[in-house]
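The values are calculated or read from the model by the stated rules, or taken from the named source; none is laboratory data. Since this is a predicted model, take the numbers as computed values, not measurements. Neighbour counts are summed over all protein chains in view; Cβ atoms, including those assigned to glycine, are modelled from backbone coordinates with ideal geometry.
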Amino acid sequence: MKEAARQATLKRSVSLFRSFRLEQTKPEVFYRDLADDAVAQVLSYTPLDGMTMLDIGGGPGYFADAFEKAGAWYTPLDADAGEFRLHGRSPAPGSVLGDGTSLPFRTGSVDVAYSSNVAEHVREPWKLADEMVRVTRPGGFVFLSYTLWFGPWGGHETAPWHYLGGERAAARYERTNGHPPKNKFGESLFPISAHDGLRWAQQCPDAQLVHAVPRYLPSWSWFVLSVPGLREVLTWNLLLVLMKT
């Protein structure tokens, strides 16, 4: 926890938010910066060298590059084969096509289960979370990170109009851009809260909550998670770190 807090500086937050602005124009910069930051964040809790790691929603291989460089035996899983080939990339070796809410892996078969910005795209996010815990070995770690609906990016490309309702925001996006958003409210984008995530983590019978933090924010602002209501708006992205018992 101390190492995670030490790394969570204002300079880091500013750098990440600058990268976010390049997601559409320079996706290789955005994904590489986010992947490198993800590795540093995971390393602040557990070593990765020689560890077996499952990444639910691994996408087009940038996370594979970063985690394999850190020494992890990395396996990405995605429900859409097209996600592996985004931005001209080829699927990472060992890529698995599957459902995150019914993982095709044995119980206790991985050292680290990881998922970044996927839970808000799943109709049953806590079933996904339960599956991540199931496949992790005792003493292993679960990292679940997701974007909060009432945060500034909750509607993804339809933000900030999602504050007026997901369907209304999607309709406005289509009128403005001439095509529907990639993330369709009620189909591939769902409202998800910090309250529900914290409740799931605190009540999980097979894992202990190690840390819950606003993933992209500096450590001095982490107090927002202790304030109901405020945390839904300001946390932006919630990271839950659990250890399998």
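Before moving on, here are some points about what is shown:
- Filtered residue count, region 141-158, keeping only those that are modelled with pLDDT under 95 and either at positive phi or of a type in the set (Gly, Ala, Ser) (or both): 1
- All positions within region 175-196 that are within 24 Å of Gln41 (Cα to Cα), touching a residue at least 60 places away in the same chain (Cβ under 8 Å) and either not in a helix (DSSP H, G or I) or not acidic (Asp, Glu) (or both): Ile192
- Verdict on Gly100 being in a loop (DSSP other than H, G, I, E, B), modelled with pLDDT of 85 or more and under 14 Å from the mean Cα position of the chain (by Cα): yes
- Cβ-Cβ under 8 Å pairs, at least 6 apart or on other chains, region 222-245 side of a type in the set (S, T, N, Q), far side assigned to a helix (DSSP H, G or I) and crowded, with 22+ Cβ neighbours inside 10 Å: Thr235/Ala194
- Of all residues in region 26-49, those satisfying the criterion of being more than 15 Å from Arg6 (Cβ to Cβ) and acidic (Asp, Glu) are Glu28, Asp33, Asp36, Asp49.
- Subset of region 197-213 (residues that are more than 28 Å from Arg6 (Cα to Cα) and either among the hydrophobic types (A, V, I, L, M, F, W, C) or touching a residue at least 24 places away in the same chain (Cβ under 8 Å) (or both)): Asp206
- Qualifying residues in region 160-206 (those that are under 30 Å from Pro138 (Cβ atoms) and small (Gly, Ala, Ser)) - the one surrounded by the most Cβ atoms within 10 Å (Cβ to Cβ): Ala194
- Taking region 225-242 as the range and being surrounded by fewer than 18 Cβ atoms within 10 Å (Cβ to Cβ) and among the aliphatic types (A, V, I, L, M) as the test, the residues that pass are Val227, Leu230, Val233.
- Restricting region 44-66 to residues that are free of Cβ contacts under 8 Å to residues at least 40 places away in the same chain and within 18 Å of the chain's Cα centre (by Cα), the residue that is nearest to Phe143 (Cα to Cα): Gly58
- Filter result for Gly166 (in contact with a Phe, Trp or Tyr (Cβ under 8 Å, 6 or more places away or on another chain) and either on the phi > 0 side of the Ramachandran plot or outside the structural domain of Thr136 (by TED's automatic domain parsing) (or both)): yes
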